[in-house]
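The values are calculated or read from the model by the stated rules, or taken from the named source; none is laboratory data. Because the structure is predicted, anything quoted here is derived from the model rather than measured. No Cβ is skipped: glycine too gets one built from the backbone with ideal geometry, and neighbour counts run over all protein chains shown. The area values use the complete protein model at the heavy-atom level, side chains included, leaving out ligands, DNA and RNA. Shrake-Rupley method; radii C 1.70, N 1.55, O 1.52, S 1.80 Å.
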Amino acid sequence: MNLSRLQRLCLISIILLPSLCFASGTEMDKASTVWMIISSLLVLLMCIPGLALFYGGMVREKNVLSIVTQFMGIAAVVSVLWVAFVYSMTADTTGMEAGVYNIGSFVGGLDKAFLLGIDEFTLAGGVPEYVLLTFGLAFAIITPCIVIGGFAERMKFSAVILFSILWLIIVYAPINHMVWSGEGALFHNWGVLDFAGGTAIHINSGVAALVGAYVLGRRQGWPTAAMPPHNVIFTFIGMAFLWIGWFGFNVGSALAINESAIVAFITTMLATCTGILGWMVIEKIRTGHVTALGLASGAIAGLVGITPACAYVGPLGSLFIGFVSAIGCYYTISVLKKKIGIDDSLDVFGLHGIGGIIGCILTGIFCIPALGGKVPDASIIPQVAAQIASIIVTVLYSGILTWLIMKIIDKTVGLRANPENEHRGLDLSDHNERAYNH
């Protein structure tokens, strides 16, 4: 039988089509891979130097280096633990099934310990698993770094490192798994919407910071002695790094270049701006002045608020979430903090805890299509109920276990610098150096 050139090409295409389709599912998605590498670097940029500068500018001059060294120490120990077994605790889904509750609903196993069985050819959704686990590592580094702002200027370096190790394993890894490990995970079974970490990152770290500040007690002289930020420019530059890096944090959580990433991009931008606007309005009304530190805080409030919602709401929802988050965070820091009397040094609970709670609840409202949301068939009442349930679990789990960890450390190596060293400053007492040699 003689076949024309066109007929032969068609026949070859039909024969090879199944194998071509199979190959496309196992090949690297290069665009998404490049984006996830960039996102990993952006999240790392958020922490060092972003959050380090943001916190470093708000502490007193004698403690600025303590923040930087604590961040570097945390990054080192978290990276080793992540490779050893913490990544496996977050990512191993052995035995998990949709709607089924078992130990896998709360924490992963050790099948991925030391990254055995994973190499440069191992793909997840077209992206190398090495890249995805590095993205997760950047999250694992920044979360305990957020926490330590609550008890800055008074906790010994050795205690900070030990706390970060125990908290990463006991608190962070299980909550991360409950949120993001997919079908069979606790929050997934409940239908909770948390795209980039309103619970696992912000509420978790905010509650831990508040509990840690309570256990450690107040700084010497707080609240009667003035403790102004030693360098607001540092804080403002740190905010700028955080704002840029947050696009990696939120948009990168799509784990691909897709529609969710596009939605997260615009909502992250808009919520940040209305966070600034909300803080500007309330600060002007209450004090008659608009401050640079306030606007930087408003930007972070908007970013925190939109984190759980960023791919589930539209522009309308993001505008509202950013504005309301800023108002709620401002009230917590300026009014509620004084009433409860807990010295949360750098207002971690006020920004991350409250901003995360507001964002999680409002996600359940603005996710519905009638309000521009991106979740088909969503219903406000059951969705908000699921969001509140996730908040309650996160607050209780993080709060109770953080308290236990702090008490154990206090009874063993000790938590707090002695009064003399605290008065001298942690830069000298812990690290024997000064940030500024006048």
- Query: When you scan the range 174-183, how many residues do you find that are farther than 10 Å from Thr394 by Cβ and buried (at least 24 other Cβ atoms within 10 Å of the Cβ)?
  - Reply: 2
- Residue that is surrounded by the most Cβ atoms within 10 Å (Cβ to Cβ) [pool: residues in the range 131-162 that are farther than 20 Å from Gly50 by Cα and touching a Leu at 6+ places or on another chain (Cβ under 8 Å)]: Met155
- Message: I'd like the full set of residues that are open to solvent by 10 Å² or more (accessible area, probe 1.4 Å), farther than 22 Å from Phe106 by Cα and in a helix (DSSP H, G or I), limited to the range 383-421.
- Response: Lys407, Ile408, Asp410, Lys411, Thr412, Pro419, Glu420, Asn421
- From Ser39, Ser105, Ser32, grab the single residue that is touching a strand residue (DSSP E or B) at 6+ places or on another chain (Cβ under 8 Å), surrounded by 16 or more Cβ atoms within 10 Å (Cβ to Cβ), at pLDDT 95 or above and closer than 30 Å to Ser390 by Cβ. Ser32
- Within the bounds of the range 185-193, is there any residue that is among the β-branched types (Val, Ile, Thr), at pLDDT 95 or above, buried (at least 18 other Cβ atoms within 10 Å of the Cβ) and assigned to a helix (DSSP H, G or I)? no
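Would you check if Gly341 is out of contact with any Cys (no Cβ under 7 Å at 6 or more places or on another chain) and more than 20 Å from Val211 (Cα to Cα)?
In short, no.
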- Query: Within the range 194-217, is there a residue that is open to solvent by 20 Å² or more (accessible area, probe 1.4 Å), assigned to a loop (DSSP other than H, G, I, E, B) and not small (Gly, Ala, Ser)?
  - Reply: yes
- Task: Look at the range 303-320 and say how many of its residues are of a type in the set (Gly, Ala, Ser), assigned to a helix (DSSP H, G or I) and either under 23 Å from Met46 (Cα atoms) or free of Cβ contacts under 8 Å to residues at least 12 places away in the same chain (or both).
- Result: 2
- Task: Hey, could you check the range 81-95 for residues that are open to solvent by 30 Å² or more (accessible area, probe 1.4 Å) and either touching a Gly at 6+ places or on another chain (Cβ under 9 Å) or farther than 15 Å from Ile170 by Cα (or both) and say which is modelled with the highest pLDDT?
- Result: Val83
- Residues located in the range 362-377, provided they are surrounded by fewer than 21 Cβ atoms within 10 Å (Cβ to Cβ) and not charged (D, E, K, R): Ile365, Ile368, Pro369, Ala370, Leu371, Gly372, Val375, Pro376
- Query: How many residues does the range 250-302 contain that are among the β-branched types (Val, Ile, Thr), within 17 Å of the chain's Cα centre (by Cα) and not in a helix (DSSP H, G or I)?
  - Reply: 0
- Query: Of all the residues that make up the range 229-256, how many are surrounded by fewer than 19 Cβ atoms within 10 Å (Cβ to Cβ) and either closer than 23 Å to Gly197 by Cα or modelled with pLDDT under 95 (or both)?
  - Reply: 3
- Query: Pairs under 6 Å by beta carbon, first residue in a loop (DSSP other than H, G, I, E, B) in the range 220-232, partner among the acidic types (Asp, Glu) and open to solvent by 50 Å² or more (accessible area, probe 1.4 Å), six or more apart or different chains?
  - Reply: His230/Glu61
- Message: Taking the conditions exactly as written (open to solvent by less than 30 Å² (accessible area, probe 1.4 Å) and more than 22 Å from Thr268 (Cα to Cα)), does Glu433 satisfy them or not?
- Response: no
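Could you tell me whether any residue of the range 55-70 is touching a residue at least 24 places away in the same chain (Cβ under 8 Å), within 30 Å of Gly221 (Cβ to Cβ) and not in a helix (DSSP H, G or I)?
Narrowing the range 55-70 to residues touching a residue at least 24 places away in the same chain (Cβ under 8 Å): 55-67, 69-70.
From what's left, within 30 Å of Gly221 (Cβ to Cβ): 55-67, 69-70.
Adding the requirement that they be not in a helix (DSSP H, G or I) leaves 59-60.
Yes, that holds for at least one residue.
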- Note on the structure: In the range 282-294, anything in contact (Cβ under 8 Å) with a residue 40 or more places away in the chain, open to solvent by 40 Å² or more (accessible area, probe 1.4 Å) and either of a type in the set (A, V, I, L, M) or within 19 Å of His202 (Cβ to Cβ) (or both) is listed as Ala292, Leu293
- Message: Based on this model, can you work out whether Val335 counts as under 18 Å from the mean Cα position of the chain (by Cα) and either open to solvent by 10 Å² or more (accessible area, probe 1.4 Å) or over 20 Å from Ala209 (Cα atoms) (or both)?
- Response: no
- Query: Are any of the residues in the range 113-127 touching a Gly at 6+ places or on another chain (Cβ under 7 Å), assigned to a loop (DSSP other than H, G, I, E, B), closer than 28 Å to Phe187 by Cβ and open to solvent by 10 Å² or more (accessible area, probe 1.4 Å)?
  - Reply: no
